[in-house]
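Structure first, commentary second.
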Amino acid sequence: MSGGTVEAQHVPTVAHGGLAEFYELTKPRIVLMVLMTTLAGFYLGTRGSFDLTLAFNLMIGTTLAAGGTLALNQYVERDTDAMMKRTRHRPLPSGRMRPAEALAFGSIATAAGVIYLAGTTNLLCAAVTASVTIVYLLAYTPMKRVTWMCNIVGAIPGALPPVAGWAAARGSLAVAPFLLFGLMFLWQLPHTFAVGRLYRADYARAGIHLLPDNTARGGNPSNPVVIAASIGLVALGVIPTMLSLTGLVYTGIAVALGAAMLVLGILMARRSAGLAAARRVLLFSLIYLPVVLLAMVLDRV
C-alpha cells in the first residue's frame, strides 16, 4: 500500500490532456457495450417501424452520459489506479491529464447526456440514465473499498442501459425490460468475479475488495453467487418465450449458453481451480452477452 501511495504522489501534474487522453478517459470499450445493450432494449421496445432519428438521439445522449460517468469514475479512483499495474498508465495516474480537467469533462459530458436524452427522447429514459450515474458513482465506487458485495450493487447500473433503451422507445416500462435487466444483472456476476480472481493481487494492492478477503474457511462465499447467477441465466432463457416475447430459437441459444456458463462457473469454484478457470469464465462471458442479445433481437415475436 505504501509503495503505491508514494507512486501516486510523484505523478507529474503539469501535463494537459489531449484528445487521445479524453477519449481514453471515457473507457470506450465499456461505452460500446453500453450502447449495444441500450440499442437492444430500444429495438425490443419499438412498436411498428424503427425510428432512426430517435435511435440516433438515444445513442448520442447515452454516449455522453456513459462516457462522462466513466470519466468521473476515473477521477474518483485516480489514487487507487496509480497503485495497480493494470491501471497505472491511465491518463490521470500517469500524469497525462490534470484531475481538474477530468472532473470538468466528466461532469459536463454526463449532464449534457442526461439533458440531451430528456429533450430528444423522454424524461423516463433520462431518469433511468441518471440513476446509472448515481448508483455507479455514489454506491458501487465507494463500496469497492469496503466489501466484495460491491459487485452485486455494481451489477445494478450495469443492467440498466437496456431499460433506458426500452424507455426511450415506449416512454413507459413493462415486464420485458426487466427481463433484460435480469439478464444483464446475472451476467455481470460471473464476469466480475472472474476479473477479481485474475487481478486479485493488483486489487489487493490498492485496497479494492472485488473478492472476499479471507476464503480459507468455508470456501469462497462468492462461488455460490456465481453458480446461482449462472442457474438464473439458464432459467431466464426460458421466460421470454413463455411470455411470447421471443421464439424457440432464442430459448435454445440462451439455455445452452447459460448451461455452459454454469459449468464454467462450477469449475472456477473448485478449490483446486487456478487462473485458467477464471480466464475461461471471463472469455466466455464476453461471448455470451452479444450472442444472447443478438438471438433475442432476431427471434423477437
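If the requirement is being out of contact with any strand residue (DSSP E or B) (no Cβ under 7 Å at 6 or more places or on another chain), modelled with pLDDT of 90 or more and under 19 Å from Phe181 (Cα atoms), which of these qualifies: Val281, Val234, Val249? Steps first, please.
Values: Val281 fails: under 19 Å from Phe181 (Cα atoms); Val249 fails: under 19 Å from Phe181 (Cα atoms).
Exactly one residue qualifies, and that residue is Val234.
Every residue, every condition in (1) under 24 Å from Ile156 (Cβ atoms); (2) within 19 Å of the chain's Cα centre (by Cα); (3) not acidic (Asp, Glu), yes or no:
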{"residue": "Gly232", "(1), (2), (3)": "yes, yes, yes"}
{"residue": "Pro240", "(1), (2), (3)": "yes, no, yes"}
{"residue": "Gly252", "(1), (2), (3)": "no, no, yes"}
{"residue": "Ala256", "(1), (2), (3)": "no, no, yes"}
{"residue": "Val263", "(1), (2), (3)": "no, no, yes"}
{"residue": "Arg271", "(1), (2), (3)": "no, no, yes"}
{"residue": "Ala277", "(1), (2), (3)": "no, no, yes"}
{"residue": "Phe284", "(1), (2), (3)": "yes, yes, yes"}
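Listed residues Met97, Met33; which is in contact with an Asp or Glu (Cβ under 8 Å, 6 or more places away or on another chain), in contact (Cβ under 8 Å) with a residue 24 or more places away in the chain and among the hydrophobic types (A, V, I, L, M, F, W, C)? It would help to see each step written out before you state the result.
Numbers: Met33 fails: in contact with an Asp or Glu (Cβ under 8 Å, 6 or more places away or on another chain).
It is Met97.
So which of Thr62, Thr121 is of a type outside the set (D, E, K, R), within 18 Å of the chain's Cα centre (by Cα) and within 30 Å of Ala169 (Cβ to Cβ)? Before you say what the answer is, go through the steps one by one.
On the way: Thr121 fails: within 18 Å of the chain's Cα centre (by Cα).
Among Thr62, Thr121, only Thr62 is of a type outside the set (D, E, K, R), within 18 Å of the chain's Cα centre (by Cα) and within 30 Å of Ala169 (Cβ to Cβ).
Can you pull out the residues in segment 255-301 that are surrounded by fewer than 18 Cβ atoms within 10 Å (Cβ to Cβ) and either outside the structural domain of Leu245 (by TED's automatic domain parsing) or not in a helix (DSSP H, G or I) (or both)?
Within segment 255-301, Arg270, Arg271, Ser272, Ala273, Gly274, Arg300, Val301 qualify.
Tell me, please, whether a residue that is assigned to a helix (DSSP H, G or I), within 22 Å of the chain's Cα centre (by Cα) and under 30 Å from Arg78 (Cβ atoms) can be found in segment 215-223.
Start the filter on segment 215-223 by keeping residues that are assigned to a helix (DSSP H, G or I), which leaves 222-223.
Now drop any that are not within 22 Å of the chain's Cα centre (by Cα), which leaves 222-223.
Filter once more, keeping what is under 30 Å from Arg78 (Cβ atoms): 222.
Looking for residues that are assigned to a helix (DSSP H, G or I), within 22 Å of the chain's Cα centre (by Cα) and under 30 Å from Arg78 (Cβ atoms), one finds at least one in segment 215-223, hence yes.
The values are calculated or read from the model by the stated rules, or taken from the named source; none is laboratory data. As the structure is a prediction and not an experimental result, all values here were calculated from the model. With ideal geometry, Cβ positions are generated from the backbone for all residues, glycine too; neighbour counts draw on all protein chains shown.
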